[in-house]
1. Since PRO72 meets every condition but one in (1) modelled with pLDDT of 95 or more; (2) out of contact with any Cys (no Cβ under 8 Å at 6 or more places or on another chain), which condition does it not meet?
2. Which ones in region 62-102 are touching a residue at least 24 places away in the same chain (Cβ under 8 Å), more than 14 Å from the chain's Cα centre (by Cα) and over 14 Å from ILE3 (Cα atoms)?
3. Considering only residues that are of a type in the set (Asp, Glu) and without any contact (Cβ under 8 Å) to a residue 40 or more places away in the chain, which ones fall in region 103-125?
4. Collect the residues in region 4-38 that are over 22 Å from ARG66 (Cα atoms) and open to solvent by less than 50 Å² (accessible area, probe 1.4 Å), keeping them in residue-number order.
5. Can you find a residue in region 14-31 that is touching a Pro at 6+ places or on another chain (Cβ under 9 Å), in a strand (DSSP E or B) and at pLDDT 95 or above?
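The values are calculated or read from the model by the stated rules, or taken from the named source; none is laboratory data. Worth saying up front: this structure is predicted, and the values here are computed from it rather than measured. Every residue, glycine among them, receives a Cβ derived from its backbone with ideal geometry; neighbour counts consider all protein chains shown. The protein model used for the area step is the full one, side chains on, heavy atoms only, and it has no ligands, DNA or RNA in it. Shrake-Rupley method; radii C 1.70, N 1.55, O 1.52, S 1.80 Å.
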Amino acid sequence: VSIAADSRPKVVLFLAHWCPHCQREVPVVKAWLDRGGLPAGVDLVPVATAIDPNRPNYPPDAWLSREGWQAPVLVDGDGSIATRYGLSAFPYWVAVNADGTVARRLTGELRPDQLDDLVASVAGS
């Protein structure tokens, strides 16, 4: 899994396995995806970062599997991807236009209508 410059808009979701907000957000995002919330032509790139074997829900892939998450997840073991995208809190959302420019950054738990709005900001870019 990578965040490639491939002329497709993306929504990047940074998650920490130990973060209670992320733990609440994952089921919301999964239900939104299951309902078809992500339009064709827009990629969702989940990124597991801030990985700590001494904190809850380690390893993150086991946690996400328990939540029924089936999408591939990018593992940011050293936090370098999160740093490049300016991570400031969890969960952290970055909407990227098709040309690779960042359109929006949001932190915190998003409701389905907010997810729709975030994706709409880059769909068709």
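1. Of (1) modelled with pLDDT of 95 or more; (2) out of contact with any Cys (no Cβ under 8 Å at 6 or more places or on another chain), only one is false for PRO72: (1).
2. Passing the criteria: TRP63, GLU67, GLY68, GLY77, GLY79.
3. Of the residues in region 103-125, the ones of a type in the set (Asp, Glu) are 109, 113, 116-117.
Matches in region 103-125: ASP113, ASP117.
4. Looking only at region 4-38, we keep the residues that are over 22 Å from ARG66 (Cα atoms), and these are 4-11.
Answer for region 4-38, where residues must be over 22 Å from ARG66 (Cα atoms) and open to solvent by less than 50 Å² (accessible area, probe 1.4 Å): ALA4, PRO9, LYS10, VAL11.
5. yes
Quick grid of which residues meet (1) in contact with a strand residue (DSSP E or B) (Cβ under 9 Å, 6 or more places away or on another chain); (2) closer than 15 Å to LEU115 by Cβ:
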position	(1), (2)
ASP6	yes, no
HIS17	yes, no
ALA31	no, yes
ALA40	no, no
ASP43	yes, yes
ASN54	no, no
PRO59	yes, no
GLY68	no, no
ALA71	yes, yes
